[in-house]
Amino acid sequence: MKRSAALIVFLWFCWGMPCSLSAQDKLQPNIIFFLVDDMGWQDTSVPFWTEATPFNHLYHTPAMERLAASGMKFTQAYASSVCSPTRVSLMTGMNAARHRVTNWTLRKNASNDAKDNMLEYPLWNVNGLSPVPGIERTVYATPLPAVLRSNGYYTIHCGKAHWGAIGTPGADPKNLGFDVNIAGHAAGGPATYQGLNDFGNNSSDPGKKVWAIPGLEKYWGQDINLSDALTREAILAMDTALSLHKPFYLYLSHYAIHVPLEADHRYYKKYKNQGLPESEARYASMIEGMDKSLEDILNYVDEKGIAGNTVIIFMSDNGGLSAHARAGKPHTHNAPLNSGKGSAYEGGIREPMMVRWPGVTKGGSSCNQYIIAEDFFPTILSLANIKAAVAVQHIDGISFKDLLKDPQAKRKPRDLYWHFPNNWGPTGPGIGATSTIRSGNLKLIYYYKDARVELFNIKDDIGEKNDLAQKYPAKVKMLAGRLTAYLKEVKAQRPVYKATGKPAPWPGEKTSL
């Protein structure tokens with residue numbers, strides 16, 4: 001898809017669907033996007049692998065089980081390995097290599113890349129997403145909720161935003177097309193989850209000010225968890241939408257289960273009594289608190305009689321935290337996947353995802369075809385039956401509406417790409433400045449620091465323990481070439497070697513096998 005000189009892209013959302021529309025295709029359903037922060041593939045009692053794991057037996061998420069029983073699981077759903085890149089992709093339909101918001105954002109014109117003795121990191125879009133042109137170091141794009149609102153939707157943001165740096169237009173969800181903003185701002189984590197501590201407001205610790213949750217004053221001083229407060233406010237906002245007789249788009253984006261790891265006291269004691277270490281009891285209670293929010297949302301649409309015309313999407317923004325702040329051996333908390341948040345390995349990018357589209361998705365079904373974060377933009381517009389829309393950006397995503405109707409639908413083969421020319425900070429397996437391609441069952445990871453490559457067969461080796469790069473040099477060359485071609489096409493940025501001032505080589509230009 002090419003942009004015109006005016007940078008206007010007309011988006012047609014037929015994607016091979018028959019021209020004759022069913023009754024379902026003529027509706028404008030309500031759409032609830034339930035996004036969890038830092039939730040790993042295994043942080044649930046719903047198995048997303050071929051078998052249940054010890055983690056599936058540890059965590060208790062009955063509402064997720066209920067959603068899985070009434071909808072469709074996606075076992076190979078992908079995101080970026082850290083939050084802001086995923087969130088901008090969701091809002092724009094762009095791959096992170098193209099939109100250049102490749103690390104997490106916070107302060108204006110300030111990079112959060114950790115320092116490195118060898119690499120200097122690129123001037124990426126540290127100010128995030130902008131709905132207007134001319135803001136330095138931002139990606140200018142037409143946000144998803146703006147398109148929905150212009151097509152009759154009442155748009156609700158509730159929870160974590162994290163699209164734009166402090167003082168930029170993208171920091172305020174209302175500038176991005178939301179009619180309502182509840183508790184969203186520039187920061188990507190909470191100062192605290194506790195209403196008793198005013199969610200970080202009025203803290204004597206000056207370091208917490210930037211992380212304090214805005215709004216929600218009516219809950220200050222109360223014994224209430226942030227996840228519960230957000231859910232209550234989301235329900236009130238949906239009530240407003242129903243009173244206006246408009247379809248609604250609710251983006252319920254929980255701060256949970258991002259650090260700080262704090263007990264959700266409704267569930268903490270149960271896990272502590274099971275003998276879990278302190279951090280793990282807290283973590284498990286936060287997961288169950290998030291699941292209670294999902295239960296409340298499911299109950300709401302049932303009680304209001306709107307479940308039959310409400311699509312519910314469940315997703316996480318990156319892999320589960322495993323590099324620090326957790327008890328036990330690091331990089332093992334997403335097993336059988338390797339590593340976690342910040343990593344190019346599956347533990348950093350593979351997410352728990354489910355969709356319920358009443359009358360379309362088959363209850364208890366599963367889709368094993370892979371999708372990626374930027375696919376949600378065209379999919380949601382297609383679900384909203386917006387047949388044509390206008391956006392200023394190039395759309396990389398591909399609608400998966402066809403998969404909701406038939407999880408085994410034949411599709412044109414596609415490669416998936418990840419690009420992280422940055423330094424998240426922590427170290428561990430797969431963590432570093434990387435570019436990655438997945439083509440079929442093969443996945444190649446390229447490390448900019450030492451021009452090293454790894455090759456894995458994900459179908460046979462989901463834990464990425466068996467590097468095949470030495471065994472299959474021809475496949476390495478082919479995949480590295482395709483990865484490089486894509487990165488050049490989208491004008492991706494690269495780190496620079498401090499010693500020479502030259503950019504690190506593209507994948508395939510130099511490999512150390």
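The values are calculated or read from the model by the stated rules, or taken from the named source; none is laboratory data. Please read all numbers here as calculations on a predicted model, not as lab measurements. Because the Cβ atoms are built from the backbone with ideal geometry, glycine has one as well, and the counts that use them run over all protein chains shown. To get the accessible areas, we keep the full protein, side chains included, count just its heavy atoms, and leave off ligands, DNA and RNA. Shrake-Rupley method; radii C 1.70, N 1.55, O 1.52, S 1.80 Å.
Numbers at a glance
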quantity	calculated
In Å², nearest 10: area of T50 left accessible to a 1.4 Å probe	120
Nearest-10 value in Å² for the accessible area of I306, using the 1.4 Å probe	30
Three-way shape call for region 59-202 based on the alpha-carbon gyration tensor, with the a/c threshold at 1.5	rounded
Of all accessible heavy-atom area on region 255-294, the percent that carbon and sulfur account for (1.4 Å)	55
Rounded to the nearest 20 debye, dipole of region 105-151 from Cβ charges on Lys, Arg, Asp, Glu	240
Relative contact order [Cα under 8 Å, 6+ residues apart], region 193-300, whole percent	23
Share of carbon and sulfur in the accessible heavy-atom surface of region 359-463 [1.4 Å probe, %]	49
Signed unit charges on C-beta, dipole axis of the chain, positive-most listed residue Q408, A229, G340	Q408
Within the chain, helix-based [θ] at 222 nm, where runs of 4 or more DSSP H residues each add -39,500 (n - 2.57), nearest 500	-7000 deg cm²/dmol
Residue-span extension gain [N299 to H57] - 0.36 nm each, minus C-alpha spacing	84.7 nm
Sites W220 and A485 - FRET efficiency at Förster radius 60 Å, r taken between beta-carbons, to 0.05	0.65
Exposure ranking of Y497, Y249 by accessible area [1.4 Å probe, largest first]	Y497, Y249
Area of D450 that stays accessible when all protein chains are in place (1.4 Å probe, Å², to 10)	70
Rounded, prolate or oblate (a/c below 1.5 giving rounded, otherwise prolate when a/b exceeds b/c) for region 180-237 by Cα gyration tensor	oblate
K465, K73, K174, ranked by accessible area, largest first (probe 1.4 Å)	K465, K174, K73
The chain: relative contact order as a whole-number percent, Cα under 8 Å and 6+ apart	23
Restraint check, K115/K477; K410/K475; K115/K502; K270/K329; K329/K488, Cα-Cα greater than 27 Å	K115/K477; K329/K488
Taking region 125-181 and dividing mean pair separation by its residue count, relative contact order in percent (alpha carbons under 8 Å, at least six apart)	37
Ranked order, T192, T332 - accessible area, probe 1.4 Å, largest first	T332, T192
Cα centroid separation - region 195-231 against region 469-513, whole Å	45
Three-way shape label, the chain, alpha-carbon gyration tensor, a/c 1.5	rounded
Size of electric dipole in region 153-293: Cβ of Lys, Arg +1 and of Asp, Glu -1, about Cα centre, debye, nearest 20	80
The chain, accessible area per residue, ligands and nucleic acids excluded (1.4 Å, Å²)	37
Under 13 Å, Cβ to Cβ, from F420 - net charge with Lys/Arg +1 and Asp/Glu -1	+3
Rounded to 5, percent antiparallel among DSSP beta bridges of the chain	55
Distance between region 127-163 and region 65-100 - C-alpha centres, whole angstrom	17
Magnitude of the charge dipole, the chain, Cβ model with Lys/Arg +1 and Asp/Glu -1, debye to 20	1580
Accessible-area composition of region 198-252, carbon plus sulfur, in percent [1.4 Å probe]	52
